[in-house]
Amino acid sequence: MREILTVTNLVKRYGGKVALNGANCRFEQGKIYGLLGPNASGKTTFLKICAALIMIYQGQVLIDGVRPGLATKAKVAYLPDGDYFLDWMRVADTVNYFSDFFADFDRAKAEHLLLELELEKSSPVKSLSKGMKARLKLAVVLSRRARLFLLDEAFDGVDPVTREKIIDVMLNTFDQESTMILATHHIDYVEKLLDEVKLLRRGEVIREIAAEEIRQNSGQSIGEYYLEVFRHEKAT
Amino acid sequence: MRYNDREPIYLQIMNEVKAQIAYGKLTPGMQLPTIKEQAAIMRVNPNTVARVYALLEQERIITKQKGLGTFVSASEYLARELREKIAESVTSRFVSELQRLGFGPAEILQQLQQFLARAPGGENSR
């Protein structure tokens, strides 16, 4: 299968603190990956580098053979952890804003996703609950016809109904031309979505394994497998 | 469908499709949803569904027709065969549980006969 993202000896330090410590891994087109690891294992830094939001690092990152930058931003859709909307906007303004920004933004799809996720165009962003903000974030990111979707904690602060809706629109967006990388602590939500799991520990990729292989070989769920690997980790 | 997160999802979906044929919910020649549709219905990774469809096709339980879609195999024997296989595995579980309790063949038969006598047409008539 075609490789969409290749990461070689990736190192990132913030001052004296090491966020990524020689991470190596590959991602193939047409698959959904879980990027899993405890807090401070480097997940967000990893995604930010791939999204070309952090440009200074050591090692090599190639997206479809090209280093992250302006050219790759056009085909990489990144959903950041936490808040990133402009509070004075309405839902409709936010959609317009993204539409202006990205050439691959699909307005028809955005309309469909707003409906699907029950987002009112006239609602001020300020008035949205945490769950509704999570929905809006996902709607604008998944409205892009991107090749690579990097989703950082897409399930944070969402109720079970929103979770199902988010999974539905993810599955609706994903196809053989695209690749999704989901960084999340909510492993139980993504058990049935993942092709492969990459485990990050202190800035290194320590395991790369197919989800079905975990279940087949050890009779464990991904969550149990994760716990077994990380149970004895000390918090940093 | 409810899944067990400790068993391969593709096996669970395969068994579910087979059970649906055995119980007559899916009938010979019936069209199946596309991979993408099925994945959305079951809320699972579409690659898992693709794997299920490929394996079921290898077992001649479903057939792909170019440009038309995927269908339950038209074989009349299929449902009977799958029903027998399910019966076989249910029986095997039943017998091995009783064997674990120390029952021999005669006692197992007796147990079954007594149960059937007590529950005429109840549990077993469906």
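Counting trypsin sites (Lys or Arg not before Pro) as exposed when in a DSSP loop with at most 10 other beta carbons within 10 Å, what is the longest stretch of chain A free of them? That would be A:3-230.
Are there GluC sites (Glu not before Pro) in the range B:1-91 that DSSP puts in a loop and that have at most 16 other Cβ atoms within 10 Å, and which ones?
Working: sites: B:GLU16, B:GLU37, B:GLU57, B:GLU59, B:GLU76, B:GLU81, B:GLU84, B:GLU88; in loops: B:GLU59, B:GLU76.
When the GluC sites (Glu not before Pro) of the range B:1-91 are filtered for loop state and at most 16 Cβ neighbours within 10 Å, B:GLU59, B:GLU76 remain.
Buried accessible surface for the A/B pair, both sides summed and rounded to the nearest 100, is 1700 Å² with a 1.4 Å probe. About the centre of its Cα atoms, chain A shows a dipole size close to 840 debye [charges on the beta carbon of Lys, Arg (+1) and Asp, Glu (-1) only; nearest 20 debye].
Hey, with R₀ at 45 Å, roughly what FRET efficiency would A:ASN24 and A:LEU115 work out to, going by the Cβ-Cβ distance, to 0.05?
Working: r = 42 Å, r/R0 = 0.93.
Approximately 0.60, to the nearest 0.05.
Taking every DSSP helix (H) stretch of at least 4 residues in chain A, weighting each as -39,500 (n - 2.57) and dividing the sum by the residue count yields a mean residue ellipticity at 222 nm of -9500 deg cm²/dmol. Dividing the summed -39500 (n - 2.57) terms of all DSSP H runs of n ≥ 4 by the residue count of chain B sets its mean residue ellipticity at 222 nm at -19000 deg cm²/dmol. Rounding to the nearest 10 and keeping the result within 0 to 90°, find how far the Cα-based axis of helix B:105-118 lies from the longest principal axis of chain B. Taking Cα atoms only, the helix is inclined about 80 degrees.
Report, to the nearest whole %, how much of the accessible area of chain B belongs to carbon and sulfur atoms, 1.4 Å probe, protein only. Could you put the intermediate results ahead of the total?
Details: 4550 of 8590 Å².
Using a 1.4 Å probe with all protein chains present, chain B comes out at 53 percent carbon and sulfur.
Please determine, in degrees from 0 to 90 and to the nearest 10, the orientation of helix B:9-22 with respect to the longest principal axis defined by the Cα atoms of chain B, where the helix direction is its Cα long axis. So the helix axis and the longest Cα principal axis differ by about 70 degrees. Surface composition of the range A:162-236: carbon plus sulfur atoms hold 41% of the accessible area, using a 1.4 angstrom probe and ignoring ligands, DNA and RNA. For chain A, modelled as a GNM whose springs connect Cα atoms under 10 angstrom apart, the maximal fluctuation among A:ALA51, A:ALA110, A:ALA71 occurs at A:ALA71. With 10 Å bins beginning at zero, the pair-distance distribution over Cα atoms of the range A:162-209 amounts to 20, 53, 24, 3 %.
As a calculated quantity, the FRET efficiency between B:LEU112 and B:ALA54 at R0 = 51 Å, using C-beta atoms, amounts to about 0.85. Annotation: amide H-H contacts under 5 Å for B:LEU32 (H modelled 1.01 Å from N, sequence separation of 5 or more, or interchain): B:THR70, B:PHE71, B:VAL72. Per residue, the convex hull spanned by the Cα atoms of the range B:78-118 amounts to 71 cubic angstrom. Surface exposure of the protein assembly as shown, expressed per residue as accessible area with a 1.4 Å probe, stands at 54 Å².
I'd like the residues of the range A:180-229 whose 1.4 Å-probe accessible area shrinks by no less than 10 Å² going from the isolated chain to the full set of protein chains. Those residues are A:GLU191, A:LYS192, A:LEU193, A:ASP195, A:GLU212, A:ARG215, A:GLN216, A:GLY219, A:SER221, A:GLU224. For chain B, the Stokes-Einstein estimate of translational diffusion at 25 °C and a viscosity of 0.890 mPa s comes to 145 µm²/s, using the Kirkwood hydrodynamic radius over alpha-carbon pairs. Among the protein heavy atoms, those of B:MET1 account for about 100 Å² of accessible surface (1.4 Å probe, every chain in place). Restricting the GluC sites (Glu not before Pro) of the range A:127-236 to loop positions (DSSP other than H, G, I, E, B) with no more than 13 neighbouring Cβ atoms within 10 Å leaves A:GLU177, A:GLU233.
The Cα trace of the range B:1-48 gives Rg and Dmax of 11.2, 33 Å, the first to one decimal, the second as a whole number.
When chain A is treated as a Gaussian network with alpha carbon springs shorter than 10 Å, the biggest mean-square fluctuation among A:LEU182, A:LEU171, A:LEU193 belongs to A:LEU171. The Cα atoms of the protein assembly as shown define a convex hull whose projected area, averaged across directions, is 24.1 nm². Within the full protein context, the accessible area of B:THR48 is estimated at about 20 Å² for a probe radius of 1.4 Å.
The values are calculated or read from the model by the stated rules, or taken from the named source; none is laboratory data. Since the structure is predicted, the reported quantities are computational estimates derived from the model, not experimental observations. Here Cβ is always computed from backbone atoms with ideal geometry, including for glycine, and neighbour counts include all displayed protein chains. Side chains are part of the model used for accessible areas, which takes the heavy atoms of the whole protein and leaves out ligands, DNA and RNA. Shrake-Rupley method; radii C 1.70, N 1.55, O 1.52, S 1.80 Å.
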